[in-house]
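The values are calculated or read from the model by the stated rules, or taken from the named source; none is laboratory data. Note that the structure is predicted; figures quoted are calculated from it, not measured. Heads up, the Cβs are rebuilt from the backbone with ideal geometry, glycines too, and the neighbour counts pull from every protein chain shown. Surface accessibility is based on the protein's heavy atoms, side chains included, excluding ligands, DNA and RNA. Shrake-Rupley method; radii C 1.70, N 1.55, O 1.52, S 1.80 Å.
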Amino acid sequence: MTAAETLYRVPVHPWRWLPWLLVSQLLVALLWWQLGRAWGVPLLLASHALFVVPVFLPNSRFYAPVLSRVPGPGVWLTIDDGPSDDTLAVLDLLDRHEAKATFFMVGQQAAARPELVHEIVRRGHGLGNHSHSHPQARFWALGPARMAAEIGTCQQALTAITGTVPRWYRSVVGMTNPFVAVALKRHRLTRVGWSARGFDGVGCSPEAVIARITPHLEPGAIVLLHEGAAHGHTLTIIEGVLRQLQARGLQARLPPGTA
């Protein structure tokens, strides 16, 4: 088995959570009947929490396998939310530092600016699926049809532009609800989490973002970054992370065997 094959973690049983849900609710009903409302209500809430909380945990494997670290001495830079007005400048910055990254693309933005997608690939970087419209506020609550459309339409858009089928996927804001795994299995996608983040997708100071990421820069780390953020600090943040990598003797590389 090659290094790349060990990294690809496509869901095998996307509905494996469903029997557990049915059993848990049956158990709650039986205990409610035996012990009464005073026990039944807390048990019902607790049983629901077991299935809701993992939705909001980026590296939870409850609903789908996830890659949160990679083997080897390199660090995997991942850049979400493009392409954007920042893309060319980010590419130039990566070139200056001899760094490689994977860009997790929003499908409708990629379709609107295919020349940027081509340039990312031409310079030797990777692409990933980051949904088609990036419905940040409601992604966690999407039903099976809408979830399938978000992932599938982005996959079609990126494939049409590059001629290559993406293998990586990242959920919007890292949220993974019960219906993500079905689409991942259909499109042979591996879900990618992270081990280092600085919360750079919202209003922030570059110094604070870099300070949050730096302690987690080590071999095998997956670093979450963003482009196109309204705060305008994208380049400063990415350059700061690249300088911290250089200071630690680390190199930003694509996952082993996937270049």
Self-check item: Unit charges at the beta carbon, dipole of the range 100-259: most positive-side option, 126, 142, 181
Solution: 181
Quiz item: If you take all C-alpha pairs in the chain, what percent of them are over 33 Å apart?
Solution: 23
Quiz prompt | Part-to-part distance (alpha-carbon centres) for the range 35-64 and the range 177-207, which is given in Å | solution = 22
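In debye, nearest 20: dipole of the chain around its Cα centre with unit charges on the Cβ of K, R (+) and D, E (-)? Could the numbers behind the result be given before it?
Details: 23 positive and 16 negative charges, 199 e Å.
The dipole magnitude comes to about 960 debye.
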Quiz item: Mind ordering 151-158, 116-123 by average Cβ neighbours within 10 Å, highest first?
Solution: 151-158, 116-123
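Where only protein heavy atoms count, and the probe is 1.4 Å, what is the accessible area per residue for the chain in Å²? Write down the numbers at each step before the final one.
Details: 12190 Å² over 259 residues.
On a per-residue basis, the chain sits at 47 Å².
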Exercise. Treat every Asp and Glu Cβ in the range 51-192 as -1 and every Lys and Arg Cβ as +1, leave all other atoms uncharged, and give the resulting dipole magnitude about the Cα centre to the nearest 20 debye.
Key: 700
Exercise. Starting from the Cα-Cα distance between residue 243 and residue 57, subtract it from 0.36 nm times their residue separation and give me the gain in nm to one decimal.
Key: 64.1 nm
Quiz item: What percent antiparallel are the DSSP beta bridges of the chain, to the nearest 5?
Solution: 5
Quiz prompt | Surface share of carbon and sulfur [accessible, 1.4 angstrom probe, percent] for the range 1-58 | solution = 77
Exercise. Can you pull the one-decimal nm distance between simple spin-label points at residue 95 and residue 149, each 7 Å off the Cα toward Cβ?
Key: 3.9
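Over the chain, what is the relative contact order in whole percent, taking alpha-carbon pairs under 8 Å and six or more residues apart? Before the final figure, lay out each step's value.
On the way: 490 pairs, mean separation 74.8, N = 259.
Here the relative contact order equals 29 percent.
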Exercise. Keeping the other protein chains in place, figure out the carbon and sulfur percent of the accessible area of the range 171-259, with a 1.4 Å probe.
Key: 52
Quiz item: How big is the accessible area of residue 24 in square angstrom, nearest 10, if you roll a 1.4 angstrom probe over the protein chains?
Solution: 20
Quiz item: Modelled label-to-label distance, residue 185 and residue 251, 7 Å Cα→beta-carbon offset: nm?
Solution: 3.9
